[in-house]
Amino acid sequence: MYLEMALLLYLIVAAVTVFLRQRLLDAVIIYASYSVVLSAVWLLLLAPDLAITEAAVATGISGVLFFVVLKRIQAMDAEHSLDEEV
Amino acid sequence: MNLFSLSAWRHRLLRYYPLVALSLTVGITALLLVTLAALPPLGEVGNPSHNLVSLKYIEDGLGDTGALNIVAGMILDYRAFDTFGEACVLFTATCAIIILLRSDTPDAYDTMLHQMEEPHTNIILQSVSFLLVGIMLVFGCYVIANGHLSPGGGFSGGSILGAALILYVNSYGIRRASHFINFTIYRRLVSFSLLFYAAFKGYSFFMGANHLPSGIPLGKPGDLLSAGLILPLNIAVGCVVAGTVYAIYVLFSQGEMR
Amino acid sequence: MWLYLRENYYQITAMFLFGIGLSALLLDRNLVKKLIGLNICNSGIYLFLAAQGYIRGGAVPIVADGVQLYINPVPTGLILTGIVISVSVTAFALALVVRLYKRYQTLDIDELSKLVVKEGM
């Protein structure tokens with residue numbers, strides 16, 4: 001019971017922290033850790049199908065998508081400032 | 001009519017937007033918490049959510065579908081048409097992303113991408129992925145193939161396969177990866193999987209029954225080759241998910257898929 | 001009426017997660033953070049559904065010998081659908097974000113609407 005409460009508390013703290021961080025990279029990493037803890041919570045709720053899907057789809061694929069979008073935005077930023085200098 | 005041009009009073013109203021939004025959120029949360037007080041305690045057998053529907057799935061699931069994993073039997077046999085719609089949503093999302101990310105005029109960003117694309121010479125990434133990609137592919141196939149016996153199935157196994165492909169692309173470059181997966185192969189794989197699924201489960205849309213025997217013997221529960229159509233459907237869903245995941249990653253990082 | 005509130009901590013967490021995600025969706029000015037807020041909103045709903053299906057002392061819904069009581073498999077099936085759909089919605093919305101950034105070079109929703117007004121659309 002205390003383990004469950006600790007994990008649930010972590011979920012709330014992580015969810016709040018995501019929106020207090022200014023840097024987007026921090027927010028995405030905290031969101032990925034949130035998903036990992038959520039997949040542990042699915043195991044405690046006796047739903048292993050959900051745990052494996054959450055770990056693979058939500059953590060892996062969502063996290064990778066957010067990362068690649070951030071990288072792309074950064075690359076566009078660099079190109080834009082290059083244009084302004086010229 | 002200009003949609004975005006705000007008149008002065010609307011500007012003044014917009015100043016209170018954060019306050020209104022915050023009070024709305026707090027109000028909704030408080031309302032939900034009040035509703036919570038009327039719920040029965042967690043995890044009791046007699047709770048109203050554990051009604052006839054779940055009992056039917058649990059009691060008849062093994063006999064009807066032949067799958068040890070009741071959830072897999074439920075989503076791929078009783079409610080297979082629902083899962084078909086889900087696979088179609090994935091396919092539609094990929095189509096929409098292809099349309100959205102298409103650059104009408106190739107700009108400086110695209111040319112920069114093509115220049116920095118090759119060659120990949122990160123020795124640490126390459127040796128780690130040399131070890132990992134094979135294991136991940138085998139594990140993904142295992143999860144898909146055992147979907148009716150153990151937790152897992154098409155969605156999780158397919159995204160593990162997709163993750164392995166993403167790792168391969170990241171370490172060896174898109175050019176080497178396009179030998180075994182490119183847009184043509186992706187299109188054929190996903191279309192064939194969806195058509196296969198539609199051909200074998202679309203009939204329930206017309207017959208209106210929740211469970212019809214497929215004609216394939218169910219086999220001995222617990223064997224790999226059992227549970228009738230669930231294994232082929234799992235493989236089809238896994239192909240769709242793996243292809244979609246890989247395609248979305250390539251579209252985001254490259255802008256297009258060749 | 002408030003008798004079981006102490007036991008339903010999963011549901012309480014789910015409600016708070018929904019509230020946090022909704023407030024981020026309405027209040028945060030960054031588009032990417034809005035999307036993360038949407039995902040957190042979703043996971044709050046999934047947590048509520050999964051807690052409804054849990055049975056104390058039950059077993060994982062995989063048929064085994066000598067097990068009398070399984071948990072409710074229906075919410076699991078629903079959430080499985082939901083997780084995959086939410087990922088594809090996220091991917092679609094991220095494509096929209098990339099498209100907007102390519103045109104306006106900003107992720108801030110206020111600056112974005114100002115730029116759109118200036119453009120006269």
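Among B:179, B:50, which comes first, then next, by fewest other beta-carbon atoms within 10 Å?
B:179, B:50
Relative contact order for chain C: 23 percent, from Cα pairs under 8 Å spaced at least 6 residues apart, divided by residue count. Within segment B:133-193, the proportion of Cα pairs with more than 15 Å between them is 56 percent. Listed from fewest to most Cβ neighbours within 10 Å, the set C:114, C:34, C:102 follows the order C:114, C:102, C:34.
Sorted largest first, the principal axis extents computed over the alpha-carbon atoms of segment A:2-85 equal 57, 26, 10 Å. Here each label is just a point 7 Å from Cα along the line to Cβ, and for residue C:110 and residue B:126 those points are 4.9 nm apart.
When Cβ neighbours within 10 Å are restricted to other protein chains, what is their mean count per residue of peptide B:41-51?
6
Taking every C-alpha pair closer than 8 Å and separated by at least 6 residues, the mean separation divided by the residue count of segment A:2-85 gives a relative contact order of 25 percent. Between residue C:9 and residue A:44, the simple label model (points 7 Å from Cα in the Cβ direction) yields a spacing of 0.7 nm. Taken along the Cα-to-beta-carbon direction at a fixed 7 Å, the label points for residue B:31 and residue B:187 span 4.8 nm. Summed over qualifying helices (DSSP H, 4 residues or more, each -39500 (n - 2.57)) and divided by its residue number, chain C shows a 222 nm mean residue ellipticity of -24500 deg cm²/dmol.
Rounded to the nearest 10 degrees, the angle from helix C:109-119 to the longest Cα principal axis of chain C is 40 degrees.
Computed over the protein assembly as shown, the percent of Cα pairs more than 39 Å apart is 27.
None of the figures in this text is laboratory data; all of them are computed from the coordinates on show. In this text the structure is predicted, and so the values were computed from the model without any measurement. Cβ sites come from the backbone with ideal geometry, for glycine too, and all protein chains shown count toward neighbours.
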